[in-house]
Amino acid sequence: MRQSELFTKTRREAPKDEVAKNAQLLIRAGYVHKEMAGVYSYLPLGLRVLNNIIDIIRQEMNAIGGKELILTTLQKKEVWEKVNRWDDEVVDVWFKTRLKDSTELGLGFTHDEQLVNVLTEHIQSYKDLPVYVYQIQTKFRNELRSKSGIMRGREFLMKDLYSFNRTEEEQDAFYSKVMEAYMNVFKRCGIEDKTYVTFATGGTFSQFSHEFQTLSEEGEDTVYLDQKNNIAINEEVMSDEVLAELGVHKKDLVQKKSIEVGNIFKQGTKFTDPFGLYYQDERGESKSIYMGGYGIGVTRLMGTIVEVLSDEKGIVWPECVAPYTYHLLSLLPDDAESIAFANTLYADMEKRGMSVLYDDRAVRAGEKFADSDLIGIPWRVNVGKETASSGMVELVSRATGEVKKLSRDELLAR
């Protein structure tokens, strides 16, 4: 991509009503456009990042046996009434609408009930289990407050995985696989060293659920961290009883702010039994099905990466999620020989399948450097005054600032 062909432009200032660092940087760098509080459009650069994150998540979910589908956004009232989650007093984040014939519908904030309803037509026998299905889809939640940029949206992208097992033992085994897969996702996204499996409330399902909390002063959650034993506990479940259960001492805990980037929980038969989703075992007896739910906020994860990995100059993308790997800068817009070298280098990089954004704009070098730092592509390639004669370029790491001199061939060999 030539930067001159991007319709988006960088900005010196973020909108005055935007207080979240992640959204400020993403707006200024041209990744997103703010429509209203909690609602953002993803522009070409932003969509490339989202798709890279989605690819990572999809690979990890497929690796543990997940089968991808996509369910409808429009939700039928009667499906949700079966477990009493249609009532606004029970679920206070519904967006609801009506058809022309006055039929009331909801916009999906999650899809537990709908999926169970679908599976009543597909699961009858023990031979039909286990089932592990997931989707990556837009969710709608009527949040009272949306001041955290893309980390708390009213319209957002989420990966939700659901498991259906014959026994609790089967469910426990899959639960452990998901926990490992989630940490693989966060490792590949560059935030593993700041992300902890965190004990949280299990609600009506179990004693504990598990959240994946990334340490950040901009986070909305509070966790207590035992760094020696690598245990984190959400503030909402902190008690002497829980500490005793986990074998943790209060004196060893450090209070931290954090961002919840994922959660997993065992749902038991809370959703399956009310829908009559049972299976016939080998003896022909009807048995309950154990369900689990596992979520990752895709857009929230993107915002979290920006929050924890940015610096005073702008975003610092890990290579695996960056919109491009290389940012090629032609620094002499009035030098024909230098421009010709940069054009040829860009063409050769593309031919070799190298992911490159080429800043071919006729603007000052200082402006290009500032924009490159703001956009945050991992490697900057500078084509400067001596490049055409020497054949050498500068390769600059966005994360460390390290500068290397490389020949054209050495760069292309990467």
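The values are calculated or read from the model by the stated rules, or taken from the named source; none is laboratory data. Computed from a prediction, not measured in an experiment: that's the story for all the values here. Glycine also receives a Cβ, built like all others from the backbone with ideal geometry; neighbour counts cover every protein chain displayed.
Does at least one position in region 129-146 carry a residue that is out of contact with any Phe, Trp or Tyr (no Cβ under 7 Å at 6 or more places or on another chain), of a type in the set (Gly, Ala, Ser) and in contact (Cβ under 8 Å) with a residue 40 or more places away in the chain?
Yes, that holds for at least one residue.
With under 19 Å from the mean Cα position of the chain (by Cα), in the same structural domain as Met151 (by TED's automatic domain parsing) and free of Cβ contacts under 8 Å to residues at least 40 places away in the same chain as the only criterion, which of Lys187, Lys194 stands out? Lay out the reasoning, then the answer.
Values: Lys194 fails: free of Cβ contacts under 8 Å to residues at least 40 places away in the same chain.
It is Lys187.
Quick one: in region 197-242, which of the residues that are in contact with a strand residue (DSSP E or B) (Cβ under 8 Å, 6 or more places away or on another chain) and assigned to a helix (DSSP H, G or I) is nearest to Glu307 (Cα to Cα)?
Let us first name the residues in region 197-242 that are in contact with a strand residue (DSSP E or B) (Cβ under 8 Å, 6 or more places away or on another chain), namely 197-203, 205-206, 208-227, 230-238, 242.
The next check asks that each one be assigned to a helix (DSSP H, G or I); those that pass are 235-237, 242.
Values: Glu235: 22, Glu236: 24, Val237: 26, Val242: 31 Å.
Step by step, filter region 197-242, then rank; the result is Glu235.
For region 212-232, enumerate the residues that are of a type outside the set (D, E, K, R) and under 23 Å from Gly303 (Cα atoms).
Initially, region 212-232 is screened for residues of a type outside the set (D, E, K, R), giving 212-216, 219, 222-225, 227, 229-232.
Across region 212-232, the qualifying residues are Phe212, Gln213, Thr214, Leu215, Ser216, Gly219, Thr222, Val223, Tyr224, Leu225, Ala232.
Is one or more of the residues making up region 159-167 buried (at least 21 other Cβ atoms within 10 Å of the Cβ) and at pLDDT below 95?
no
Just to be sure before I move on: is Tyr346 at negative phi, in a strand (DSSP E or B), of a type in the set (Phe, Trp, Tyr) and under 33 Å from the mean Cα position of the chain (by Cα) in the structure I sent?
It is false that Tyr346 is at negative phi, in a strand (DSSP E or B), of a type in the set (Phe, Trp, Tyr) and under 33 Å from the mean Cα position of the chain (by Cα).
Return the only residue of Thr72, Thr103, Thr110, Thr120 being at negative phi, of a type in the set (S, T, N, Q) and in contact with a Leu (Cβ under 8 Å, 6 or more places away or on another chain).
Working: Thr72 fails: in contact with a Leu (Cβ under 8 Å, 6 or more places away or on another chain); Thr103 fails: in contact with a Leu (Cβ under 8 Å, 6 or more places away or on another chain); Thr110 fails: in contact with a Leu (Cβ under 8 Å, 6 or more places away or on another chain).
Only one candidate passes the filter, namely Thr120.
More than 26 Å from Gly65 (Cβ to Cβ) and surrounded by fewer than 19 Cβ atoms within 10 Å (Cβ to Cβ): which single residue out of Lys147, Lys127, Lys187, Lys177 fits that description? Give the steps one after another, and end with the answer.
Working: Lys127 fails: more than 26 Å from Gly65 (Cβ to Cβ); Lys187 fails: more than 26 Å from Gly65 (Cβ to Cβ); Lys177 fails: more than 26 Å from Gly65 (Cβ to Cβ).
One residue alone meets the criteria, Lys147.
What strands (runs of 3 or more DSSP E) lie completely within region 253-328 and have 3 or more residues being in contact with a helix residue (DSSP H, G or I) (Cβ under 9 Å, 6 or more places away or on another chain) and surrounded by 18 or more Cβ atoms within 10 Å (Cβ to Cβ)? Walk me through how you get there before you give the answer.
Details: elements: 254-268, 278-280, 286-288, 290-297.
Once the strands (runs of 3 or more DSSP E) in region 253-328 are filtered for at least 3 residues that are in contact with a helix residue (DSSP H, G or I) (Cβ under 9 Å, 6 or more places away or on another chain) and surrounded by 18 or more Cβ atoms within 10 Å (Cβ to Cβ), what remains is 254-268, 290-297.
Before we move on, is Asp359 crowded, with 20+ Cβ neighbours inside 10 Å, within 24 Å of Gly30 (Cβ to Cβ), touching a residue at least 60 places away in the same chain (Cβ under 8 Å) and touching a His at 6+ places or on another chain (Cβ under 7 Å)? Don't jump to the end; show me each part of the working.
Numbers: crowded, with 20+ Cβ neighbours inside 10 Å: yes; within 24 Å of Gly30 (Cβ to Cβ): yes; touching a residue at least 60 places away in the same chain (Cβ under 8 Å): yes; touching a His at 6+ places or on another chain (Cβ under 7 Å): yes.
Yes.
With (1) closer than 11 Å to Ser330 by Cα; (2) at pLDDT below 95; (3) among the charged types (D, E, K, R) as the list, and Glu386 as the residue in question, which single condition is left unmet?
(1)
Quick one: how many residues across region 60-102 are of a type in the set (Asp, Glu), exposed (fewer than 12 other Cβ atoms within 10 Å of the Cβ) and not in a loop (DSSP other than H, G, I, E, B)? Write out each step before concluding.
From region 60-102, those of a type in the set (Asp, Glu) are 60, 68, 78, 81, 87-89, 92, 101; that's our starting set.
The next check asks that each one be exposed (fewer than 12 other Cβ atoms within 10 Å of the Cβ); those that pass are 78, 87-89, 92, 101.
With not in a loop (DSSP other than H, G, I, E, B) added as a condition, the list becomes 78.
Result for region 60-102: 1.
Restricting attention to region 275-286, does a residue exist that is within 30 Å of Cys189 (Cα to Cα) and either without any contact (Cβ under 8 Å) to a residue 24 or more places away in the chain or touching a Leu at 6+ places or on another chain (Cβ under 7 Å) (or both)?
Restricting attention to region 275-286, the residues satisfying the condition of being within 30 Å of Cys189 (Cα to Cα) are none.
No, because not a single residue in region 275-286 is within 30 Å of Cys189 (Cα to Cα) and either without any contact (Cβ under 8 Å) to a residue 24 or more places away in the chain or touching a Leu at 6+ places or on another chain (Cβ under 7 Å) (or both).
If a residue must be more than 20 Å from the chain's Cα centre (by Cα) and small (Gly, Ala, Ser), how many such residues does region 212-238 contain?
Number of matching residues: 1.
Any chance region 36-53 includes a residue that's under 24 Å from Glu312 (Cβ atoms), without any contact (Cβ under 8 Å) to a residue 40 or more places away in the chain and in a strand (DSSP E or B)?
The answer is no; no qualifying residue exists.
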